[in-house]
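J.: This is the structure, below, for whatever I ask next.
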Amino acid sequence: MKWVELRRHTIVDKDKNISPEGLKLANWARGQLSLKYDAYFCSPLVRCCQTMEAFGFKQYKIDEAFIVLPGDRLKPIMPKVDAIVKEKGVGLLEAFFQLPETMEIIEERARGGLDGIRRVAHDLPEGGSALIISHGGTIEPAAL
């Protein structure tokens, strides 16, 4: 059997870099990880790379399949999303799921993330494992 472990980047500051709290969390999470994987992948965004490095893994591949939701396409919709978050007290991703305008974007991101996971798994040796660091906006839609 092959094993692909998918993790979200840790907590970030206002500049989207790992915060001191995020670094502390990553150090704790490192103890929950396997000590050796056959492959390491992360989103090209710095917070994912910083998380991978905080886990102690310096050699990894950047993979566009694990990128965040496209902000340029979401920007015009965000006032509606923010209103749902405020009115209903739900999280951002849950608010996205409540708007028909975001469903195509979410589904594309989910398919892209799943395709990336499948590709990584396919390329592993039998019994092999991989670690991927991505974003909630990729992981959660893919899981759903």
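J.: For region 127-140, just list the computed ³J(HN,Hα) in residue order, Karplus coefficients 6.51, -1.76 and 1.60, θ = phi - 60°, integers in Hz, with x standing in for Gly and Pro.
T.: Karplus-based 3J(HN,Hα) across region 127-140 equals x, x, 9, 9, 10, 10, 10, 9, 10, x, x, 9, 5, 5 Hz.
J.: Can you give the log10 of the normalised intensity I(q)/I(0) at q = 0.20, 0.26 Å⁻¹, computed with Debye over equal Cα scatterers of region 79-144?
T.: So the normalised log intensities are -0.80, -1.09.
J.: If you don't mind, there's one more thing I want to ask. Collect residues whose amide H, placed 1.01 Å from N in the peptide plane, falls under 5 Å from the amide H of Ser129; neighbours closer than 5 in sequence don't count.
T.: Close amide H contacts, sequence-distant or interchain: Trp3, Asp38, Ala39.
J.: On a 0 to 90° scale, report how tilted helix 20-30 is relative to the longest principal axis of the chain, with both axes built from alpha carbons and the result rounded to the nearest 10.
T.: Helix 20-30 sits roughly 50 degrees off the main axis of the chain.
J.: With a 10 Å radius around each residue's Cβ, average the other Cβ atoms per peptide and rank 50-56, 2-8, highest first.
T.: 50-56, 2-8
J.: Right, something else. Mind listing the phi-derived Karplus ³J(HN,Hα) values for region 106-119, rounded to whole Hz, using 6.51, -1.76 and 1.60 with θ = phi - 60°, and x for any glycine or proline?
T.: 4, 5, 4, 5, 4, 4, x, x, 5, 4, x, 4, 4, 4
J.: Give the carbon-plus-sulfur fraction of the accessible surface of region 74-144 in %, rounded to a whole number; probe 1.4 Å, heavy atoms of protein chains only.
T.: Roughly 57 percent, rounded to a whole number.
J.: So, by mean Cβ neighbours within 10 angstrom, what's the order for 60-67, 18-25, 122-129, 29-36 with the highest one leading?
T.: Packing proxy ranking, top to bottom: 60-67, 18-25, 122-129, 29-36.
J.: Next up: What is the gain in length, in nm to one decimal, between Lys75 and Glu108 on full extension, counting 0.36 nm per residue of separation less the C-alpha to C-alpha distance?
T.: So the extension gain works out to 10.2 nm.
J.: Can you pull the accessible area of Ile139 for me, 1.4 Å probe, Å² to the nearest 10?
T.: Probe radius 1.4 Å; accessible area of Ile139 about 40 Å².
J.: Let me ask something else about it. Could you sort out which of Lys2/Lys75; Lys16/Lys80; Lys2/Lys88 sit more than 31 Å apart by Cα distance in this structure?
T.: Lys2/Lys75; Lys2/Lys88
J.: Still on this model: If R₀ is 22 angstrom, what is the calculated FRET efficiency for the pair Ala121 and Val46, using the beta carbon separation as r and rounding to 0.05?
T.: Numbers: r = 26 Å, r/R0 = 1.17.
Using R0 = 22 Å, I get an efficiency of 0.30.
J.: Could I ask something else about it? Can you list residues whose amide H is under 5 Å from Val12's amide H, if they're 5+ apart or on another chain and H is modeled 1.01 Å from N?
T.: For Val12, whose amide H was placed from the backbone, the distant partners under 5 Å are Ser19.
J.: Residues of region 1-97: accessible area per residue at 1.4 Å, in Å²?
T.: Averaged over the residues of region 1-97, the accessible area is 63 Å².
J.: Which three numbers, in whole Å and largest first, are the semi-axes of the equivalent ellipsoid of region 1-50 derived from its Cα gyration tensor as √(5λ)?
T.: 22, 14, 7
J.: Let me ask something additional. For Rg/Rh (Cα atoms, Kirkwood Rh), pick the label among (i) 1.00; (ii) 0.97; (iii) 1.08 that corresponds to the value derived from the coordinates.
T.: (i)
J.: Right, something else. In terms of Cα to Cα distance under 17 Å, which aspartates and glutamates are near enough to Lys36, apart from those fewer than 8 places away along the same chain?
T.: Result set, ordered by chain and number: Glu5, Glu53, Asp123, Glu126.
J.: Nearest 10 degrees is fine. How inclined is helix 78-88 to the longest principal axis of the chain, computing both from alpha carbons?
T.: 90 degrees
The values are calculated or read from the model by the stated rules, or taken from the named source; none is laboratory data. Not measured: the values here are computed from a predicted model. Backbone-built Cβ (ideal geometry, glycine too); neighbour counts: all protein chains shown. Please note that ligands, DNA and RNA were not included when accessible areas were found on the heavy atoms of the full protein model with its side chains. Shrake-Rupley method; radii C 1.70, N 1.55, O 1.52, S 1.80 Å.
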